[in-house]
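Every read-out reported here was derived from the displayed coordinates using simple, explicitly stated rules and does not represent laboratory data. The structure displayed is predicted, hence computed values, not measured ones.
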Amino acid sequence: MNEERYPLPGSSYRELSKIIQGYGSLREAGGPADVGKIIGTDQTNVSRNNGFLVAVGVVEGGKKKALTDGGRVLARALGHEMEEEVAAGWRNLLDGNEFVDKILSAVRIRKGMDRSSLQAHVSFTAGHPRKVAVTTGAGAVIDVLLAAGLLKDADGKLTVVDSRAEDHPETAARPEPAQVINIRTPEVARTVVTQAAGVGVQIHIQVQCTPADLAELAPQLRQLLDALNDASAQTDG
């Protein structure tokens, strides 16, 4: 049964962040006692978080551990309190993590969950009984997802931030629709009345064109109208 359990943090997100930075201060791989001395905490606090840190790829190794490449990036971002870099660091580490994907899928299907309900779901999905320490760890997982920008908190309701920005259609980058510009010139109409073999004849001319044709067509229209005017005058005379 223990093999089926996903390791949860043993402390709050704040403590977890300190431990990550502690590993970042080591010159070489070290144990919980080494990290504990750096951040001023008991080595047991480090030990009970190592399982989660290994599971999400922040640290690696046996009894002595060191940060992974992604872990070092995250540790530096945490140390400088750079929120965007912290979010990117966590997302890089959590990308493709099956446990995290299960949590996000559950929140997405329910169209949001309150924190208490999500803590219970995290504990259940990880295969742990509901105890105070487990609830604290589940809360730290939620805070990790919030820090990563994978979840957002809107008035106590936690929802998934879709990577395609479907939750933010007003800011989502969408391809501009093809713009069809249909500019029609004013209709040029002229009615010419004349006589042909004693029969009154009316000729109604109506011209429409595209903007590309205007430069070439304008002089021709003027010539046509002048010719029609002359023809009309001759007929009237």
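Of note:
- For region 1-105, fraction of C-alpha pairs farther apart than 20 Å, in %: 35 percent
- If you wrap region 45-127 in the convex hull of its Cα atoms and look at it from every side, the mean projected area works out to 6.6 nm².
- Extension gain, Lys131 to Asp153, is 5.5 nm, computed as 0.36 nm per intervening residue step minus the present C-alpha separation.
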